[in-house]
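Asker: Sharing a structure, written as structure tokens. Questions coming.
The values are calculated or read from the model by the stated rules, or taken from the named source; none is laboratory data. Because the structure is a prediction, the values reported are computed rather than measured. Every residue, glycine as well, gets a Cβ built from its backbone with ideal geometry; the counts of neighbours run over all protein chains shown.
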Amino acid sequence: MVDNELEKIKREKYRQYLQGEINTSQSKFPSGKVIDVTDADFDEYVNQQRIVIVDCWAAWCGPCRSMAPVMEQIAKDMQEKVSVGKLNVDQNRRTAMRYNVSSIPNFLVFHNGKFLGNVVGAVGKAPFDKLIKQILSGEFEKKEGYA
């Protein structure tokens, strides 16, 4: 009797899996949207993704707020290539200090878990498009003050 019930449950779960009703993704960081990261999960986040841009921001920062839609657009448009995280520097000072974030907005750039550099200021979308293209093509060259 117990075996029959177990088989029913297995068949139902398999049916749900085949119909896409069960999310099989193991990542707690979904692609296609900006993910809030903290001191506690920062390293896990940057190491699980291929190319990562982490937006270091604060609620009181006007230029930071103006860059939020740009980061959302990058996350949406390039979800197969780039992950975008958001780190509130007021609430996550340890990570901000670790990467010498003294001006915001400040965008930390990582490739395969390796810190490449940062982009500082409300710069718009074009510099990120260029940077991502360079990283993906292997033409990236680390420059002082710019990823």
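Asker: Return yes or no: is ILE104 buried (at least 17 other Cβ atoms within 10 Å of the Cβ) and assigned to a loop (DSSP other than H, G, I, E, B)?
Answerer: Details: buried (at least 17 other Cβ atoms within 10 Å of the Cβ): yes; assigned to a loop (DSSP other than H, G, I, E, B): yes.
Yes; evaluated as a whole, the condition is true for this residue.
Asker: Would you check if there is a residue in the stretch 21-38 being under 16 Å from PHE128 (Cα atoms), of a type in the set (Val, Ile, Thr) and either modelled with pLDDT under 95 or in a loop (DSSP other than H, G, I, E, B) (or both)?
Answerer: Yes, there is a match, as at least one residue in the stretch 21-38 is under 16 Å from PHE128 (Cα atoms), of a type in the set (Val, Ile, Thr) and either modelled with pLDDT under 95 or in a loop (DSSP other than H, G, I, E, B) (or both).
Asker: Right, next: Mind listing just one residue for me: the one in the stretch 63-105 that is touching a Gly at 6+ places or on another chain (Cβ under 8 Å) and not hydrophobic (A, V, I, L, M, F, W, C) and, of those, farthest from ILE35 (Cα to Cα)?
Answerer: SER103
Asker: Only residues that are more than 9 Å from the chain's Cα centre (by Cα) and either buried (at least 23 other Cβ atoms within 10 Å of the Cβ) or farther than 18 Å from ILE135 by Cα (or both): list them for the stretch 39-54, please.
Answerer: Here is the first cut: in the stretch 39-54, the residues more than 9 Å from the chain's Cα centre (by Cα) are 39-44, 47-48, 50.
Listed by number, the residues that qualify are ASP39, ALA40, ASP41, PHE42, ASP43, GLU44.
Asker: Do the conditions hold for MET97, that is, is it surrounded by fewer than 20 Cβ atoms within 10 Å (Cβ to Cβ) and within 20 Å of ASP41 (Cβ to Cβ)?
Answerer: Numbers: surrounded by fewer than 20 Cβ atoms within 10 Å (Cβ to Cβ): yes; within 20 Å of ASP41 (Cβ to Cβ): yes.
Yes, satisfied.
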